[in-house]
Amino acid sequence: MTTATSASGSAATATLNNEEVLRYSRHLIMPEVGMEGQLKLKAAKVLCIGAGGLGSPLALYLAAAGVGTLGMVDFDVVDYSNLQRQILHHTPDVGRKKLDSAGDKLLAMNPFLHLKKYDTMLTSANALDLFKEYDIVADGTDNFATRYLVNDACVLSGKPNVYASIFRFEGQASVFGTKDGPCYRCLYPEPPPPGLVPSCAEGGVLGILPGLLGVIQATEVIKLILNGETKDSLIGRLLLVDAFAMKFRELKLRKNSECPVCGTHPTVTGLIDYNEFCGIRGEEKPMSALVGGMPEMEVTELKRRVDAKEDLFVLDVREPHEYQICNLHGHLIPLGEIEKRAGELDPAREMVVHCKAGVRSAKAIAALQQLGFTGKLHNLKGGIMAWADQVDPTMPKY
Amino acid sequence: MSQIKVQIPTPLRQYSDKKDSVEVEATTVGEAMKAITTAHPDLRRHLYTDEGKLRAFVNLYLNEEDIRYMQKEATEVKDGDTLYIVPSIAGGRG
């Protein structure tokens, strides 16, 4: 009950001015919030990790609802491809720091907000110090290493972790790391090996999905502030959301007594190296480890050889819907079908294999080599996006 | 034998011929998983380690219960049950 106590503790000293009373009047007249609840919101300190897809609706609603102090951690810059879902950021913000863009919108929406911006990557070195200042942490990150870092830091510092994650049109949400509830590691003791579960950048995401899940997170944050850790919270429940079927399913979560971080005999008693835990050693490692020892071809070299009409087979291992966006007239076999459809290819022919950025094509080459292909197989460095950058600027990027 | 539904999560549908669920006949969770990975061999590689152990980032729920807290893969199934395969996903910020 750390949250409720600390929030209501300082709530005793907070007051609302007339402007705030009017602003929050629809809260003040409902008994479930009322003046007492609104003062708890004002006294509450919430740390939002990430100012992207989930962080956008989450921060907007928390700011609007009157959460007094909001911390935001992000080091990224707004990209054009973010605008389809990251509603904190508008077209003129492309190229700006996400935190600056977010700060403008949040303070314009609610000037009473006390906003703290942390322009940094959350790491094992800074997480515990950062979390110390807050009552609740909301995890809106996008990779497994940070997910486990947030979880462990929350458990170690006794802060609830309001969790959501998304893939394409499906999402998961829960509240982890409360005193008696399960943590993320109780649910998933280990992350998947790198490359096995595609990210949003690889797999795509329905633009409204982070909206749905981020609003669920905001709801859980507000409930923790108002009511503390009650049975109505998502503690001990994993909510699965399927936006296309519009189905909400609920699974029971249990605290695992053998959990390495929140179990009865924890073995993780401090923050560890989460990149190593997730099998990542250095930022670009998953790709370079895969590509290591594999012949690569520059897009400019491919252009030269195509123009010279040299005998070179172009294999595209992306999905058909990506082929429709742009292509190099290559033969299309999606990575997932490569083993099944390898018969369509001449195993002795020299081939350049490409995807969007070079990771899937490296996997495809490894698979073809396993199948005994003897022709030289080149991985197109940087994929078709490098072609769009360096050879054909009229080609759309995605 | 009972007739049950196995629900395939989005990230794994590329290995199940794009199907979101598959009906199988089985008496236990383990048999149901065997039936589905026999019908869709690519699923096996993503769900199980080379030693045949269910991967640690995949959980199986019979209806709403985690089978780790039931009889694991020996958990009996009955007609109309749904077995959910729930892998961890991480997206959100980018």
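Laboratory data are not the source of any read-out in this text; all were calculated from the coordinates shown. These numbers come from a predicted model, not from an experiment. Counting neighbours? That spans all protein chains shown, and the Cβs are built from the backbone with ideal geometry, glycine included.
Yes/no per residue for (1) free of Cβ contacts under 8 Å to residues at least 40 places away in the same chain; (2) in contact with a helix residue (DSSP H, G or I) (Cβ under 9 Å, 6 or more places away or on another chain); (3) of a type in the set (Asp, Glu):
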{"residue": "A:116", "(1), (2), (3)": "no, no, no"}
{"residue": "A:121", "(1), (2), (3)": "no, yes, no"}
{"residue": "A:126", "(1), (2), (3)": "yes, no, no"}
{"residue": "A:131", "(1), (2), (3)": "no, yes, no"}
{"residue": "A:138", "(1), (2), (3)": "no, yes, no"}
{"residue": "A:151", "(1), (2), (3)": "no, yes, no"}
{"residue": "A:160", "(1), (2), (3)": "no, yes, no"}
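For residue A:224, indicate whether it is more than 10 Å from chain B (Cβ to nearest Cβ), crowded, with 19+ Cβ neighbours inside 10 Å, more than 21 Å from the chain's Cα centre (by Cα) and hydrophobic (A, V, I, L, M, F, W, C). Spelling it out, residue A:224 is indeed more than 10 Å from chain B (Cβ to nearest Cβ), crowded, with 19+ Cβ neighbours inside 10 Å, more than 21 Å from the chain's Cα centre (by Cα) and hydrophobic (A, V, I, L, M, F, W, C). Quick one: is residue B:84 at the interface with chain A (Cβ under 8 Å from one of its Cβ atoms), among the aromatic types (Phe, Trp, Tyr) and either over 30 Å from residue A:318 (Cβ atoms) or part of a loop (DSSP other than H, G, I, E, B) (or both)? Taking the combined requirement at face value, the residue does not satisfy it. Could you grab me the full set of residues in the stretch A:73-84 that are more than 10 Å from chain B (Cβ to nearest Cβ) and not in a strand (DSSP E or B)? Result: A:75, A:78, A:80, A:83, A:84. Out of A:240, A:206, one residue alone is over 25 Å from residue A:44 (Cα atoms) and within 10 Å of another protein chain (Cβ to nearest Cβ). It is A:240. Summed over the stretch A:168-185, residues that are hydroxyl-bearing (Ser, Thr, Tyr) and touching a Cys at 6+ places or on another chain (Cβ under 8 Å) total 0. Taking the stretch B:56-81 as the search range and keeping residues that are surrounded by fewer than 15 Cβ atoms within 10 Å (Cβ to Cβ), out of contact with any strand residue (DSSP E or B) (no Cβ under 6 Å at 6 or more places or on another chain) and away from every other protein chain (no Cβ under 12 Å), which one is farthest from residue B:9 (Cα to Cα)? If we take residues in the stretch B:56-81 being surrounded by fewer than 15 Cβ atoms within 10 Å (Cβ to Cβ), out of contact with any strand residue (DSSP E or B) (no Cβ under 6 Å at 6 or more places or on another chain) and away from every other protein chain (no Cβ under 12 Å), then B:71 is farthest from residue B:9 (Cα to Cα).
For the stretch A:123-143, the criterion of being crowded, with 24+ Cβ neighbours inside 10 Å and of a type in the set (Lys, Arg) is met by none of the residues. Note on the stretch A:74-99: residues that are in contact with an Asp or Glu (Cβ under 8 Å, 6 or more places away or on another chain) and either without any contact (Cβ under 8 Å) to a residue 12 or more places away in the chain or aliphatic (A, V, I, L, M) (or both) amount to 3.
Of the residues contained in the stretch A:164-173, one or more are found to be within 28 Å of residue A:44 (Cα to Cα), within 8 Å of chain B (Cβ to nearest Cβ), touching a residue at least 40 places away in the same chain (Cβ under 8 Å) and among the hydroxyl-bearing types (Ser, Thr, Tyr).
Of the residues making up the stretch A:51-103, just one is touching a strand residue (DSSP E or B) at 6+ places or on another chain (Cβ under 7 Å) and at positive phi, namely A:95.
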